[in-house]
1. So residue 92 ticks every box in (1) within 20 Å of residue 35 (Cα to Cα); (2) of a type outside the set (Val, Ile, Thr); (3) part of a helix (DSSP H, G or I) but one. Which box is left unticked?
2. For residue 40, all conditions in the list (1) surrounded by fewer than 13 Cβ atoms within 10 Å (Cβ to Cβ); (2) assigned to a helix (DSSP H, G or I); (3) of a type outside the set (Lys, Arg) hold save one; what is the number of the exception?
3. Are there any pairs, at least 6 apart or on different chains, whose C-beta atoms fall under 8 Å, with the first in segment 70-90 and free of Cβ contacts under 8 Å to residues at least 60 places away in the same chain and under 13 Å from residue 51 (Cβ atoms) and the second among the polar types (S, T, N, Q) and not in a helix (DSSP H, G or I), and if so, which?
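Read-outs throughout are calculated quantities, based only on the coordinates presented, and are distinct from any laboratory measurement. Because the structure is a prediction, the values reported are computed rather than measured. Quick reminder, even Gly has a Cβ in these numbers, built from the backbone with ideal geometry, and neighbours come from all protein chains shown.
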Amino acid sequence: MAGVLTSHHIKFVEEKLRSAVEELLFELIRVTIGRQNSLSRILSSGEWQDLFALSQKHAIIGVTFAGVRKLQQNGQGIPSDLYWQWLGLSSHIQ
């Protein structure tokens, strides 16, 4: 039947989305350690939220915030409310 999504299709899409966010996380880590100057593209607000959540999940919020700060300095912005939230959690860790 055309137009019907099976659980296989949904799982495939979820895996693709997850791998895209994971690749963005690796890019952000490369920015943090100075191997990359910016992300490969401009992120949507939702993608930033996903990056934040993934950073929390992997307990690297402080590490990734260092990359977020570098991106801010290079003009690649992040939604300000999320920036302050990331800063707050990062400061709490220190």
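1. Every condition holds for residue 92 apart from (1).
2. Status for residue 40: all satisfied but (2).
3. Here the result reads 71/38; 76/38, each pair linking segment 70-90 to a residue that is among the polar types (S, T, N, Q) and not in a helix (DSSP H, G or I).
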